1. Within segment 90-100, can one find any residue that is assigned by TED's automatic domain parsing to the domain that holds Gly135, assigned to a loop (DSSP other than H, G, I, E, B) and touching a residue at least 12 places away in the same chain (Cβ under 8 Å)?
2. Out of the residues in segment 44-63 that are among the hydroxyl-bearing types (Ser, Thr, Tyr) and out of contact with any Phe, Trp or Tyr (no Cβ under 8 Å at 6 or more places or on another chain), which is nearest to Ile104 (Cα to Cα)?
3. Please name all residue pairs, on different chains or six or more residues apart, with Cβ atoms under 6 Å, provided the first residue is in segment 110-132 and is in contact (Cβ under 8 Å) with a residue 12 or more places away in the chain and the second residue is in a loop (DSSP other than H, G, I, E, B).
4. Given Ala120, Ala83, Ala42, Ala126, which one is among the hydrophobic types (A, V, I, L, M, F, W, C) and farther than 20 Å from Gly189 by Cβ?
5. Tally time: how many residues in segment 145-166 are part of a loop (DSSP other than H, G, I, E, B), aliphatic (A, V, I, L, M) and within 17 Å of Asn240 (Cβ to Cβ)?
6. Go through segment 64-81 residue by residue and tally those that are closer than 24 Å to Arg105 by Cα and within 21 Å of the chain's Cα centre (by Cα).
7. Kindly list, by first and then second residue, each pair from a residue in segment 36-65 that is in contact (Cβ under 8 Å) with a residue 12 or more places away in the chain to a residue that is crowded, with 16+ Cβ neighbours inside 10 Å and of a type in the set (S, T, N, Q), limited to pairs with Cβ atoms under 6 Å and residues at least 6 apart or on different chains.
8. Inside segment 192-218, can you point out the residues that are under 18 Å from Phe123 (Cα atoms) and buried (at least 20 other Cβ atoms within 10 Å of the Cβ)?
Amino acid sequence: MSEQQDRRVPAAALTEACVRLLRQVGVPSDQAAVTADVCVQADLRGVESHGVLRLPAYIHQVTHGLMAADTRVEVVHDHGAMALLDGRGGFGQVAASQAMGMAIRKAKDYGVGAVGVRNAGHFGMAAYYAMMALGHDCIGIVVSNAAPSMAPWGGMDAILGSNPLCVAIPTQTDTPIVLDMATSLVARGKIRLAAEKGEKIPPTWALDAAGQPTDDAAAALKGTLLPVGGPKGYGLALVNDVLA
């Protein structure tokens, strides 16, 4: 392992650096802080595929006009326990944080709160938002769709995203129950991370562009992910896509 890979950086310092980089491309300070926190918390939980690794892609999207620097979330519908927000092409972290905060408030008023988000970018680690509910003695449930990267069971063309599911449940101890999973065998970000490190991947994770199992991470990125649990994972991914 290289010296650069071995380097340890305090979480607070890493967060500050991420905020500075986001501010340089026009992201408002409060939104930069939220986005940076999501990235760093993912790294702290060991979910490196959804951590600071993602920051260059976010900056690229902003500087190339693919994502709005200023995420001005719009309330499209708000009725009782349910609401729909529009991220207006901005950061998924900002929109999702606002959505979960709104869902928690609604749950306190109505017993349940359901808030959807449309038209927002990649939101990072799903557990970040589900776990927001824990401090309010609520169960947090998060589902999302994603860009096509996974073939249906028995197929070879990417039709569905890795479409994650996360459930966070408070307990009577300091340790909550948190399930955070992609509906593919592995999140695409983990394959991207393996490709950057020059590492092999298990051949059960993905198919190459010709539809053949591969242990080459770079070839897998040109191909398609496989659903977890075969047809069951495909079914979960399809349902998550519809719900999201």
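The values are calculated or read from the model by the stated rules, or taken from the named source; none is laboratory data. Since the structure is predicted, the reported quantities are computational estimates derived from the model, not experimental observations. Please note: Cβ atoms are built from the backbone with ideal geometry, for glycine as well, and neighbour counts cover all protein chains shown.
1. Looking through segment 90-100, at least one residue is assigned by TED's automatic domain parsing to the domain that holds Gly135, assigned to a loop (DSSP other than H, G, I, E, B) and touching a residue at least 12 places away in the same chain (Cβ under 8 Å).
2. Initial filter on segment 44-63 (among the hydroxyl-bearing types (Ser, Thr, Tyr)): 49, 58, 63.
So of that shortlist, the ones also out of contact with any Phe, Trp or Tyr (no Cβ under 8 Å at 6 or more places or on another chain) come out as 49, 63.
Numbers: Ser49: 27, Thr63: 33 Å.
Among residues in segment 44-63 that are among the hydroxyl-bearing types (Ser, Thr, Tyr) and out of contact with any Phe, Trp or Tyr (no Cβ under 8 Å at 6 or more places or on another chain), the one nearest to Ile104 (Cα to Cα) is Ser49.
3. If the second residue must be in a loop (DSSP other than H, G, I, E, B), the pairs left are Tyr110/Ala81; Val112/Ala81; Gly113/Ala81; Gly121/Met67; Gly121/Phe91; Met125/Val47; Ala126/Pro164.
4. Going through Ala120, Ala83, Ala42, Ala126 in turn, the sole match is Ala83.
5. Qualifying residue count, segment 145-166: 5.
6. 4
7. Cβ pairs passing all conditions: Ala36/Thr15; Val38/Gln93; Val40/Thr15.
8. Filtering segment 192-218 down to residues under 18 Å from Phe123 (Cα atoms) leaves 192-193.
Listed by number, the list is empty, since nothing qualifies.
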